[in-house]
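For reference, the structure discussed in these notes is given below.
The values are calculated or read from the model by the stated rules, or taken from the named source; none is laboratory data. Bear in mind that the values here come from a model prediction, so they are computed numbers and not experimental data. Backbone-built Cβ (ideal geometry, glycine too); neighbour counts: all protein chains shown. We work out accessible area using only protein heavy atoms, side chains counted, and drop any ligands, DNA or RNA first. Shrake-Rupley method; radii C 1.70, N 1.55, O 1.52, S 1.80 Å.
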Amino acid sequence: MGINKTVIITGISGQDGAYLSALLLGKGYTIVGLVRRDGNIRLAGLEYLGIRDKVIIEECNLLDISGIIKLLRQYKPVEVYNLAAQSSVSASFREPIDTFHFNTISVFNLLEAIKRVDATIKFYQASSSEMYGRVNNLPITEDSVLHPVSPYAISKASAHWTCINYRESYKLFVCCGILFNHESYLRGDNFFVKKIITDSIKIKEKKLDRLNVGNVDISRDFGYAPLYVEGMYLMMQAEKPADYILCSGRPIKLKSIIEHVFSRLGIDNKYYCVSKELYRPSEIDEIFGDSSKAKDILGWDYSMSFESVLDKLLEENLKNCEK
Ligand code: NAP
């Protein structure tokens with residue numbers, strides 16, 4: 001049964017866009033997904049989840065406010081989820097200016113368009129744990145100090161403060177979901193966990209000699225994307241707009257991820273090799289968060305171990321390799 005409410009999702013072609021679409025379709029929303037005008041439209045995630053025909057796709061350049069205003073007037077959404085971003089930390093070191101430009105100006109345009117067209121439209125911003133960067137105190141909470149250490153993190157921190165400013169200045173309903181790394185089968189091929197899984201399967205099948213990795217002595221807080229998009233939805237249904245951390249609360253060393261996947265596939269640890277050339281110019285050594293606020297206020301309760309996420313992803317990848 002439809003509830004006859006429309007939401008706009010930017011970045012619908014990405015990992016979170018696909019899972020969020022599936023979640024919101026299940027709740028009866030009409031989904032309008034925005035894709036970039038200049039790109040080849042790739043909607044493999046929506047196709048994989050079997051929902052490609054159930055969403056409306058519109059081309060929109062988020063750097064051009066007039067196109068956003070037109071779509072807000074046309075579709076009259078109740079909520080806008082802004083997931084579009086140059087989302088790779090590594091790529092941001094190669095393309096710092098484009099990353100900063102897109103990840104910040106797109107947010108300004110969306111907020112400004114909402115302010116001008118209909119200030120009751122709720123807005124979700126995909127903020128990132130990377131904003132905290134070089135941290136003194138762990139776990140990270142919503143009140144921790146930001147010290148971004150990559151162009152990506154700087155862009156996300158800037159967009160984050162833009163959102164807070166629009167919430168405080170114009171009383172817009174703006175929520176920033178501060179998400180720690182979350183993974184799934186639909187994760188982009190160049191992201192660490194996805195790459196470890198696909199390359200390890202290739203080693204097992206003797207299609208690849210070994211795995212080359214950068215600094216794997218660092219720790220991150222990883223979770224499972226389909227459960228994280230539920231947190232995004234819950235934030236937008238809360239009585240008041242606020243910012244929330246979504247995380248597993250547990251750090252895991254990148255090295256342990258490789259060793260877990262290798263051991264599941266029966267691959268010896270000698271098949272991965274650390275290459276200093278793959279190190280980033282600056283790096284966060286260890287980071288993990290505390291999602292108590294999301295648990296207490298939204299009832300978002302995450303308890304999956306990352307080893308069980310890895311097992312799930314391995315199984316899904318192996319199944320799809322056989323097809
Ligand atoms: P993703 O799979 O990389 O998807 C990013 C989306 O943004 C894609 O739809 C992509 O479109 C679009 N995009 C990128 N550059 C663009 C540009 N210049 N113009 C228009 N669209 C552009 O990312 P995700 O994992 O779903 O993450 C969703 C959001 O959460 C992102 O903002 C990301 O930074 C943030 N986030 C993610 C994580 C995580 O662990 N996944 C953690 C914290 C925050 P194309 O398909 O055309 O490239």
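Points worth noting:
- Within segment 212-230, residues that are under 20 Å from Ile140 (Cβ atoms) have Cβ atoms under 8 Å from residues that are among the hydroxyl-bearing types (Ser, Thr, Tyr) and open to solvent by less than 20 Å² (accessible area, probe 1.4 Å) in these pairs: Asp221/Ser129; Tyr224/Ser184; Ala225/Ser184, counting only partners at least 6 apart in sequence or on another chain.
- In segment 1-55, the residues that are within 14 Å of the ligand (Cβ to nearest atom), in a loop (DSSP other than H, G, I, E, B) and either surrounded by fewer than 16 Cβ atoms within 10 Å (Cβ to Cβ) or of a type in the set (Val, Ile, Thr) (or both): Ile12, Arg37, Asp38, Gly39, Asn40, Ile41, Arg42, Val55
- Positions within segment 75-87 being among the hydrophobic types (A, V, I, L, M, F, W, C) and more than 9 Å from the ligand (Cβ to nearest atom), in sequence order: Val78, Val80
- Answer residue from segment 88-132, given it is among the small types (Gly, Ala, Ser) and surrounded by fewer than 21 Cβ atoms within 10 Å (Cβ to Cβ) and is nearest to the ligand (Cβ to nearest atom) among those: Ser88
- All positions within segment 59-71 that are crowded, with 17+ Cβ neighbours inside 10 Å and either near the ligand (Cβ under 9 Å from one of its atoms) or under 14 Å from Val7 (Cα atoms) (or both): Cys60, Leu62, Ile68, Leu71
- Hits in segment 133-148 (condition: within 15 Å of Phe93 (Cα to Cα) and open to solvent by 20 Å² or more (accessible area, probe 1.4 Å)): Pro148
- No other residue among Glu316, Glu277 is out of contact with any Cys (no Cβ under 6 Å at 6 or more places or on another chain), among the charged types (D, E, K, R) and open to solvent by less than 40 Å² (accessible area, probe 1.4 Å) apart from Glu316.
- Screening Phe191, Phe173, Phe180 for residues that are over 18 Å from the mean Cα position of the chain (by Cα), of a type in the set (Phe, Trp, Tyr) and modelled with pLDDT of 95 or more leaves exactly one candidate, Phe173.
- Residue satisfying all of: in segment 175-211; away from the ligand (no atom under 12 Å from the Cβ) and in contact with a Ser or Thr (Cβ under 9 Å, 6 or more places away or on another chain); least open to solvent (accessible area, probe 1.4 Å) among these: Leu211
- Residues located in segment 243-269, provided they are touching a residue at least 60 places away in the same chain (Cβ under 8 Å) and surrounded by fewer than 17 Cβ atoms within 10 Å (Cβ to Cβ): Leu265, Gly266
Residue-wise test of (1) at pLDDT 95 or above; (2) in contact with a Gly (Cβ under 6 Å, 6 or more places away or on another chain); (3) in the same structural domain as His147 (by TED's automatic domain parsing).
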site: Tyr228; (1), (2), (3): yes, no, yes
site: Ala238; (1), (2), (3): yes, no, yes
site: Ile258; (1), (2), (3): yes, no, no
site: Val261; (1), (2), (3): yes, no, no
site: Leu265; (1), (2), (3): yes, no, no
site: Ser275; (1), (2), (3): no, no, no
site: Leu278; (1), (2), (3): no, yes, no
site: Asp311; (1), (2), (3): yes, no, no
site: Asn317; (1), (2), (3): yes, no, no
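- Tally of residues being outside any loop (DSSP other than H, G, I, E, B) and open to solvent by 50 Å² or more (accessible area, probe 1.4 Å) across segment 76-86: 0
- Flag if Lys156 is under 30 Å from Arg250 (Cβ atoms) and surrounded by 16 or more Cβ atoms within 10 Å (Cβ to Cβ): yes
- Condition broken by Gln237, with the remaining ones in (1) touching a Phe, Trp or Tyr at 6+ places or on another chain (Cβ under 7 Å); (2) within 30 Å of Glu47 (Cβ to Cβ) satisfied: (1)
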